[in-house]
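Single-structure report; data block below.
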Amino acid sequence: MPKLAIDARRLVRRMSGIGHYVFQIARWVARLAPDFEVNLLLDRAPSKEAIPPGCNAVVLGSYLGDGTPLAKLYSPFWLNRYVPFYCNRARVDLFHGANFVLPFRLNCKKVATVHDISFIRIPYAYGPIYRRYMVMQTKRSLDTADAVIAISEKTREDLITAFRVKPEQITAIPIGIGDAFRNDYDHNYLIKVRAQLALPERYILHVGVVEVKKNIGLLLQAAAPLIKNGLVDGVVLAGRDGLGADEIRRLAKELGLANQAHFLGFVPQELLPGVYIMAKVVVFPSLYEGFGLPVLEAMACGTPVITSNISSLPEVAGDAALLVSPNNPEELRQALERVLKDEGLCAALRVKGLKRVREFTWEKIAAKHIEVYRRVLRGGDV
């Protein structure tokens with residue numbers, strides 16, 4: 001029985017995209033490949049719900065909190081001290097670094113997932129220390145991994161171009177849609193979500209970290225005249241603060257949206273589908289994305305989507321969204337006005353979106369991960 005170990009620390013944090021990725025890959029590997037022993041490496045004890053059936057929770061070291069200077073220093077120490085000790089002692093056959101980085105001194109095969117290279121493509125959206133750290137760690141993972149998984153064809157191309165990785169070393173495998181994202185929730189659930197989050201009646205939605213690279217300023221500029229004309233009541237921003245959040249809040253005030261821009265902060269998974277469903281339109285105007293999961297989440301909830309025409313976003317959206325330049329607020333304003341006024345267009349986008357998301361099931365995606373794992377273990381080309 002091959003022993004698989006996965007860096008699963010994101011399972012014991014506030015669940016975000018990478019946390020859901022780890023959970024679903026582990027869940028489906030345990031289902032589809034019962035010959036694998038799936039070990040999830042953590043730095044603190046998980047809740048019962050955090051560990052998928054058929055997987056083992058392995059707690060190593062200690063938990064020192066999130067975001068503090070000490071925690072940031074401890075993270076690479078944990079990865080390079082506790083993980084090799086466990087993997088080498090337990091005779092792990094394959095380690096999956098699900099969030100860019102791989103530890104040193106591993107006596108087993110290694111797979112790394114690289115989610116994007118935004119720290120290269122949009123350097124001003126990151127602090128200089130973090131940017132240098134990510135460049136160094138990503139290069140090292142690419143140099144030492146037996147196989148690399150990129151979450152889109154665009155990310156695969158970026159890695160080949162920026163790091164001169166051999167094309168045959170990288171497999172592009174997309175991200176899937178969680179079971180919670182669907183459009184059949186009952187009215188009582190929606191009432192609860194609206195009341196708990198104090199959502200306006202008619203709103204434009206953005207889901208993701210409130211930060212520079214998400215290009216939220218463009219969204220606010222495009223939405224402001226539509227709000228003032230009464231076409232929509234406000235903009236809802238669902239996501240924690242990141243680099244540039246204060247400037248985005250200031251811009252909202254300057255545009256006269258002090259009361260119409262609703263900053264929700266982190267929204268728990270159990271409420272997020274309702275936020276998507278009740279939105280008139282979801283806008284995701286990012287300057288760069290390795291994938292762009294909110295695009296698919298919105299489609300799965302039956303909500304029309306407008307997104308950027310660059311990076312991986314056209315690849316993810318297909319023909320099921322309106323694509324606009326992320327540098328042209330007037331183009332976005334016009335697209336918003338079309339969606340908000342044209343119910344026929346909205347209906348067409350909903351139908352296309354629900355069809356599009358059927359291509360991104362976690363079962364299919366995990367099966368492709370298993371193919372990579374087996375090839376690496378056989379020593380074959382990926």
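Taking LEU94, LEU41, LEU226 as the candidate residues, the one with maximal mean-square fluctuation in a Gaussian network model of the chain, Cα springs under 10 Å, is LEU226.
With contacts taken as Cα pairs under 8 Å and at least 6 residues apart, the chain reaches a relative contact order of 15 percent.
How large is the charge dipole for the range 165-268, taken about the Cα centre, if only the Cβ atoms of Lys, Arg (+1) and Asp, Glu (-1) carry charge, to the nearest 20 debye? Please report the intermediate quantities before stating the final value.
Details: 12 positive and 11 negative charges, 36 e Å.
The dipole of the range 165-268 has a size of about 180 debye.
Taking PHE284, PHE77, PHE266 in turn, the Gaussian network model of the chain (Cα-Cα springs below 10 Å) assigns the largest fluctuation to PHE77.
Summing +1 for each Lys or Arg and -1 for each Asp or Glu among the other residues whose beta-carbon sits under 12 angstrom from that of ASP93 gives +3.
A straight line joining the Cα centroids of the range 130-155 and the range 296-343 runs 29 Å. Within the same chain, aspartates and glutamates fewer than 8 places from LYS228 are excluded, and of the rest, those with a Cα less than 13 Å from its Cα are GLU337. Each 10 Å bin from zero holds the following percent of Cα-Cα pairs in the range 270-313: 31, 51, 18, 0.
Of all lysines in the structure, the ones whose alpha carbon falls short of 22 Å from that of LYS192, not counting any fewer than 8 places away in one chain, are LYS280.
Within 14 Å, Cβ to Cβ, of TYR185, how many net charges do the neighbouring residues add up to if Lys/Arg are +1 and Asp/Glu are -1?
On the way: positive: ARG182, LYS192, ARG194; negative: ASP179, ASP184, ASP186, GLU270, GLU297.
Net charge around TYR185: -2.
Approximating the spin labels as points 7 Å out from Cα along Cα→Cβ, the GLU337-to-LYS72 distance works out to 4.4 nm. The Cα-based radius of gyration of the range 187-359, divided by its Kirkwood radius, gives an Rg/Rh of 0.92.
Compared with the rule-of-thumb size 2.2 N^0.38 Å for a compact globular protein, the chain has a Cα radius of gyration ratio of 1.00.
Extension gain for ASP186-SER325 works out to 46.5 nm (0.36 nm per residue, less the C-alpha to C-alpha distance). Using the rule -39500 (n - 2.57) for each DSSP H run of four or more residues, divided by the residues of the chain, the 222 nm mean residue ellipticity is -13000 deg cm²/dmol. Cα-Cα over 31 Å: which of LYS110/LYS355; LYS3/LYS214; LYS48/LYS355; LYS48/LYS110; LYS109/LYS352; LYS72/LYS355? As for pairs spanning more than 31 Å Cα to Cα, those are LYS110/LYS355; LYS3/LYS214; LYS48/LYS355; LYS109/LYS352; LYS72/LYS355. Placing R0 at 22 angstrom, the Cβ-Cβ distance between LYS139 and LEU243 gives a FRET efficiency of 0.45 after rounding to 0.05. Look at LEU251, LEU257 and count the other Cβ atoms within 10 Å of each Cβ; fewest to most, that gives LEU251, LEU257.
Here THR138, THR144 are placed in order of increasing Cβ neighbour count within 10 Å, fewest first, which gives THR144, THR138.
Annotation for the range 137-205: GluC sites (Glu not before Pro) lying in DSSP loop with at most 15 further Cβ atoms inside 10 Å of their Cβ are GLU201.
Rounded to the nearest 20 debye, the dipole size of the chain about its Cα centre is 940 debye, using +1 on the Cβ of Lys and Arg and -1 on the Cβ of Asp and Glu.
Bear in mind these aren't lab numbers, they're just calculated from the coordinates by the rules spelled out. Only a predicted model underlies this, so the values are computations on that prediction, with no experimental measurement involved. As a convention, Cβ positions derive from the backbone with ideal geometry for all residues, glycine included, and neighbour counts pool all protein chains shown.
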